[in-house]
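Trainee: Here's a structure for you.
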Number of protein chains: 2
Amino acid sequence: MGSDNTKEKIVQAAQLVFIRKGMDGARMQEIADEAGINKALLHYYFHSKQQLFNEVFYGVLSRLIPSLLEIFKLEEPFSDKIEAVVREYDSFMSKNPFLPQFIINEINRDPEQLSRFMSDQGLNFSKIEERINGEVSAGNIRSITFPHLFANLIGMVVMPYIGRPLFQRKLFNNDSAKYDQFLQERRAVITRFIQQAILTK
Amino acid sequence: MGSDNTKEKIVQAAQLVFIRKGMDGARMQEIADEAGINKALLHYYFHSKQQLFNEVFYGVLSRLIPSLLEIFKLEEPFSDKIEAVVREYDSFMSKNPFLPQFIINEINRDPEQLSRFMSDQGLNFSKIEERINGEVSAGNIRSITFPHLFANLIGMVVMPYIGRPLFQRKLFNNDSAKYDQFLQERRAVITRFIQQAILTK
DNA sequence: AACAATATTAACCATTTAGTTAAACCAAAT
DNA sequence: ATTTGGTTTAACTAAATGGTTAATATTGTT
């Protein structure tokens, strides 16, 4: 084959450009340049911009979901589960730092499709919701509903990635290394924060 | 005057379309339609898309910042301050539910300009950072650095707005009224969550 | 080597889109 | 009523952009 990795190079380039510019702002030409190839070759591998976007986006997403599903199944003590969820979520984010912004855009662009995709992948929250409610009834955690807990968790994990260009400037004098360290610390900080907030000791 | 409110109608329409589609996805024609006017009239009031976007975006933003500055000045007990910040931030969000998405986009599109604007408006965090550190030293709150606390707070407040199209579907059967109620509850929930997490009682 | 299949390119096309222009409209002032 | 100012419109333009085509190159197969 001419090159098996051309397709991969395109996907890499597309990730870069899509996250930098968003689906609409991204230009096929820019993706081609970034990948070091001709624009027509893009359409050889992915016949439309929409298809390229979908393959990139849902490709990455489908790698996140299984690991989350796995965690929700575990039957550890609840305090450990908090740690596991934060760890898994955050570790994925640090490997795919562009993903949150990606998802946010897609949430607004085509929420229906995204929602359907998640359902198709078997991701639904009713089990976890029951578990949380159970823990509350049992008095193991302070009274909180699942949606609130979920929004809190996701918000805390995701915000530093979404807001990085601004936060790094405003809070760390645009020092990239310091920000990386900040991101590393967050896993422990968030876990402790949630535990202190909801665990009845 | 032909109409003093034409400009206002345009701004309203632009907010709507920009948030729905983002700066790049938005079409001047769509904004014109939404405002019930001719496309040329847009360029009569705002000579370019970029200018329209900036006026809309920074217009809204400049209304948020002063109220936040005000709060940071207050010298109440810390627990009340938490409540005040959450209240002010959240109340602004509920009046401008499109703002978070707006800011997120801008953070990626032109972080430098955004950062400069915030500085120009007198928004800087060193004072608050000192205050937080002081409270930690004094033993009033558990050990946490300002950036972490800040990211936690913003994340929790903002996430339900950013994620609404998805969250509403997945967590509330796409019931809009229920989601509105959820948003209303969050102010109290977040305040309590933070207090329990960091206040040494 | 010859052939076939896949990969890659340069040039081109059709459409969309931000922005312009020149004319019409309308309200108030003279 | 006419002039004058801002306002609004329909029609137009130039540039950008996603996508196509047809020809060329490369690789694998017999």
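Taken together, the values in this text are just the output of simple stated rules run on the coordinates, not laboratory data. This one's a predicted model, so the numbers in the text were calculated from it and none came from an experiment. Because the Cβ atoms are built from the backbone with ideal geometry, glycine has one as well, and the counts that use them run over all protein chains shown.
Trainee: Looking at this model, which pairs from B:K7/B:K39; A:K21/A:K178; A:K178/B:K81; A:K21/A:K49; B:K7/B:K49 are more than 21 angstrom apart at the alpha-carbon?
Mentor: Beyond 21 Å between Cα atoms: A:K21/A:K178; A:K178/B:K81.
Trainee: Rounded to two decimal places and with Rh computed the Kirkwood way over Cα pairs, what is Rg over Rh for the range A:77-150?
Mentor: Answer for the range A:77-150: 1.03.
Trainee: Follow-up. Between 0 and 90 degrees, rounded to the nearest ten: what's the tilt of helix A:176-198 against the longest Cα principal axis of chain A?
Mentor: 30
Trainee: While we're here: Only Cα pairs under 8 Å and at least 6 apart count here; give the relative contact order of chain B as a rounded whole percent. If you can, show how the numbers build up before the last one.
Mentor: Values: 127 pairs, mean separation 40.1, N = 201.
Relative contact order comes out at 20 percent.
Trainee: Continuing with the same structure: Hey, how many Å between the Cα centroid of the range B:53-94 and the Cα centroid of the range A:1-79?
Mentor: 37
Trainee: At what distance in angstrom do the alpha carbon centres of the range B:124-175 and the range A:135-157 lie from each other?
Mentor: Their Cα centres are 15 Å away from one another.
Trainee: In sequence order, what are the phi-derived ³J(HN,Hα) couplings for the range B:32-41 according to the Karplus relation 6.51 cos²θ - 1.76 cosθ + 1.60 with θ = phi - 60°, rounded to whole Hz, with x for glycine and proline?
Mentor: 4, 4, 4, 8, x, 9, 7, 4, 4, 5
Trainee: From the phi angles alone, apply the Karplus equation (6.51, -1.76, 1.60; θ = phi - 60°) to the range B:158-167 and give each ³J(HN,Hα) in whole Hz, x where the residue is Gly or Pro.
Mentor: Ordered by residue, 3J(HN,Hα) equals 7, 3, x, 7, 4, x, 3, x, 7, 4 Hz.
Trainee: Please list the non-local residues whose amide H lies under 5 Å from the amide H of A:L199, H modeled 1.01 Å from N, same-chain partners needing a gap of 5 or more.
Mentor: For A:L199, the qualifying residues are A:R142.
Trainee: For chain B, what is the calculated [θ] at 222 nm in deg cm²/dmol (nearest 500), taking -39500 (n - 2.57) for each run of four or more DSSP H residues and dividing by its residue count? Write out the running numbers ahead of the final one.
Mentor: Values: 11 runs with 161 residues, N = 201.
Calculated from helices alone, the mean residue ellipticity at 222 nm is -26000 deg cm²/dmol.
Trainee: Going 7 Å from the Cα of A:Q113 in the Cα-to-Cβ direction, what parts of the range A:39-62 have a backbone nitrogen less than 14 Å from that spot?
Mentor: A:47-61
Trainee: How big is D, in µm² s⁻¹, for the range B:1-47 by Stokes-Einstein at 37 °C and 0.692 mPa s if Rh is the Kirkwood radius over C-alpha pairs?
Mentor: Answer, rounded: 314 µm²/s.
Trainee: Considering Cα pairs under 8 angstrom that are at least six residues apart, work out the relative contact order of the range A:1-47 and quote it in whole percent.
Mentor: 34
Trainee: Output needed for the protein assembly as shown: three equivalent-ellipsoid semi-axes, defined as square roots of 5 times the C-alpha gyration tensor eigenvalues, in descending order, whole Å.
Mentor: On the way: eigenvalues 234, 166, 90 Å².
Gyration-tensor ellipsoid for the protein assembly as shown: 34, 29, 21 Å.
Trainee: Note the per residue figure in Å³ for the convex hull of the C-alpha positions in the range B:60-198.
Mentor: Taking the convex hull of the Cα positions in the range B:60-198, it is 112 Å³ per residue.
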